Amino acid sequence: MKKTNKKKLEEFIRVDHAGERGAIKIYEGQLLALNTIIKNDDLKKTISEMKKHEEEHSNFFEEEIAKRKIKPTRLLPLWDLLGLGLGFGSTILGKKAAMLCTASVEEVIDKHYKSQIDQIEIDEKILREKIIKFRQDELDHKDTAYEEGATKKGIYSIMDRIIKTGSKVAIKISEKI
């Protein structure tokens, strides 16, 4: 039986921990906007539901970080701030922008998790199964975002590219630092 590379596993867990925490911060930013400036109870309910999934994911990776004695990325405070800003900013631009934020991030995470699933060996069965489940949750969030009005038409295509680029950069940096 081939074993999963320890260094690679540490990178996977470090970046997934940061990413799930970042997702929570994006949703917290969105909820902050919805509780202060924008009034949309239906959107607030949708975002709150998705945030619950991200909390489940984050808790799992928090436990893995502690159990395996992996140092979290040193950039967590920066990612927290950027996540809150992205969530808040996208929501004050309107429902389409808020939902595009979710769709764009989830499209990057789909590919990211798929790559990890393909690299994790059978010796890490529980981790692999969790990532498979979390990936499905993220795909469900993406579908919800499109059902709720996310679009890439017009100016939104620029927003999509910016969010995806930022997400990919954060992933690469968090794997290493």
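The values are calculated or read from the model by the stated rules, or taken from the named source; none is laboratory data. Keep in mind that this is a model prediction, so the values were computed, not measured. Please note: Cβ atoms are built from the backbone with ideal geometry, for glycine as well, and neighbour counts cover all protein chains shown.
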*Subset of the range 1-36 (residues that are in contact with a helix residue (DSSP H, G or I) (Cβ under 7 Å, 6 or more places away or on another chain), more than 22 Å from Lys71 (Cβ to Cβ) and at pLDDT below 95)*: Met1
*Of the residues Ile122, Ile92, which is modelled with pLDDT of 95 or more and either among the β-branched types (Val, Ile, Thr) or in contact with a Pro (Cβ under 7 Å, 6 or more places away or on another chain) (or both)?*
Ile92
*Out of (1) in contact with a Leu (Cβ under 9 Å, 6 or more places away or on another chain); (2) crowded, with 21+ Cβ neighbours inside 10 Å, what's the single condition that is false for His141?*
(1)
*With Leu100, Leu78 as the choices, which residue is among the aliphatic types (A, V, I, L, M) and in contact with a helix residue (DSSP H, G or I) (Cβ under 6 Å, 6 or more places away or on another chain)?*
Leu100
_Checking Gln30 against (1) without any contact (Cβ under 8 Å) to a residue 12 or more places away in the chain; (2) within 13 Å of Thr91 (Cα to Cα), only one condition comes out false. Which one?_
(1)
*What single numbered condition from (1) in contact with a Leu (Cβ under 6 Å, 6 or more places away or on another chain); (2) under 17 Å from Phe12 (Cα atoms) fails to hold for Leu75?*
(1)
*asked:* List pairs: first residue in the range 98-125 and more than 30 Å from Ile38 (Cα to Cα) and assigned to a helix (DSSP H, G or I), second residue at pLDDT below 95 and polar (S, T, N, Q) anywhere in the structure, Cβ distance under 8 angstrom, at least six positions apart or on different chains.
replied: Gln119/Thr4; Asp123/Thr4; Glu124/Thr4
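Okay, residues lined up against (1) surrounded by fewer than 14 Cβ atoms within 10 Å (Cβ to Cβ); (2) under 30 Å from Asp123 (Cβ atoms); (3) of a type outside the set (Lys, Arg); (4) under 13 Å from the mean Cα position of the chain (by Cα):
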residue: Arg21; (1), (2), (3), (4): no, yes, no, yes
residue: Ile26; (1), (2), (3), (4): no, no, yes, yes
residue: Leu43; (1), (2), (3), (4): no, no, yes, no
residue: Ser48; (1), (2), (3), (4): yes, no, yes, no
residue: Ser58; (1), (2), (3), (4): no, yes, yes, yes
residue: Ile65; (1), (2), (3), (4): no, yes, yes, no
residue: Lys69; (1), (2), (3), (4): yes, yes, no, no
residue: Asp80; (1), (2), (3), (4): no, no, yes, yes
residue: Leu86; (1), (2), (3), (4): no, no, yes, yes
*In the range 128-177, how many residues are more than 15 Å from the chain's Cα centre (by Cα), touching a residue at least 24 places away in the same chain (Cβ under 8 Å) and either closer than 16 Å to Cys101 by Cβ or outside any helix (DSSP H, G or I) (or both)?*
9
_Given the criterion assigned to a loop (DSSP other than H, G, I, E, B), under 25 Å from Met159 (Cα atoms) and not basic (Lys, Arg), identify the matching residue among Ile47, Ile26, Ile38._
Ile38
